[in-house]
Amino acid sequence: MCHSAVDMDEINLTDPELGTTKFITEHGHFKLSLYKFLNGDVDEGSSRIENDRLKYDQRTRNLISFFKVPWQLEKMGFYALLLSMDIFLFVFTILPIRVVIAVLKLIIIGPYRLVRGGRVLEPVQVCYLLKGVVVVASYWLLCYVDISMLYHFIRKRAKISLFILYGMLEVADRLFTLLGQDTLDVLFWTAVHPDKKKRALPAVFIHTVIAIFAMFGHAVVVILEATTLNVSFNSPNTSRAFFSILRASKVTELKGNAFKKLKKENLFEVACADIRERNIFVVILPMIVLLNMTEVSWDLDLFSKWFPSACIVVLVEILIDWVKHAFIVKCNNLQPEIYMEYRAKLAYQMFSVHSRKTTAYSDYNESISRTMTLIPIPLCILTIRVARQSFSYIGVHTVAVLILMFICLTLLKILLSIFLMGRGCKYIADFKLHESSQKKYK
């Protein structure tokens, strides 16, 4: 048995540092009263929590902020989603009107302006005309793609898991998004360049062809994404197939981004990328349902089978976005109100381009699509392609319905733009008020 080397005569049992704890000596070693030990340990813990009140208050605020992130994210995401739909409707409504106006001006006023040596079209109209050419040419190439053949091609590749294929397509989609954005920028800048030599017709033609094939390739990738989801819809084990898709699309993304060190600008890019993915789902899922309902002659029993699976995809996507952004904000010591700043930044894009009428960036749709890295052309031509395949009958009634649909979509686009501008003014004012209160508080 070990004996203590401490001289008991040198220890003052009434020392305040030892408290009222009574030491008992026996055979030369110390024994501590169990009751006093536990009582002292509890008192010590309570006093420690009391002394660290500021630290625990901060942790409480951090936990509250953690649960506030989803709400702030959804407020920003809903506004960004409406902006995305506004950009999407622009291609179907305002762009055709502006292209027709540019063509009529080119036909009627063009010869007169050429004789006098003046400019026929404004730079803005040149950009719209070229965009119309890109949309029409890309759609014409997409008509030669057989969606049914792609469906059976993917379905027969049983050796390749759906989540692997969908993950590869997501990477290709992002690469085509970056490439397509650059090709459109270069095309518009070449067409409106101040130097006549750099905006020569051969250069514009070459860049137009590159932009057409870039949009066509992007549209093919989006078709493959939609077809992969369609195969999972019609698989024998629908839930298992959708779980594979979710593993590829979101769980891996959560693992890679949840604990990253990000700055405010990088988090804004991540948030815009998530909103872009949601916008793709909003467009792709109705097209998948439309294709399947057309194949089964609009059997509602099968629709009731597909609808829950589609809801699961959307809900899991939103839930994983919540968890990812909550941990990103926590790990980077940010505040949930940062999404208020992002929302105001998107709203400001709607008002910052109206004074720049002589450049390629002539419309807030262009500015916002570049900010969110969202190219609506591939999704638009894919929508037209699926709608044409689902409703193949063409007659007088079809033309009347198309005209009526165009008018309704145009009115919806105008009302949506007015609503977004009104809300944008409020969001900018709210952010400025929040920023001033924060500065005053500091």
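Of the trypsin sites (Lys or Arg not before Pro) found in the range 66-134, those that fall in a DSSP loop while having at most 16 other beta-carbon atoms within 10 Å are ARG119. Taking a sphere under 10 Å around the Cβ of LEU129 and counting the other residues whose Cβ falls inside, with K and R at +1 and D and E at -1, yields a net charge of +3.
Pairs spanning more than 21 Å between alpha-carbon atoms, out of LYS75/LYS264; LYS260/LYS345; LYS75/LYS345; LYS263/LYS330; LYS260/LYS324: LYS260/LYS345.
Every number here is computed from the coordinates shown, using simple stated rules; none is lab data. Just so it is clear, the structure is predicted and the values come from calculations on it, not from any experiment. Backbone-built Cβ (ideal geometry, glycine too); neighbour counts: all protein chains shown.
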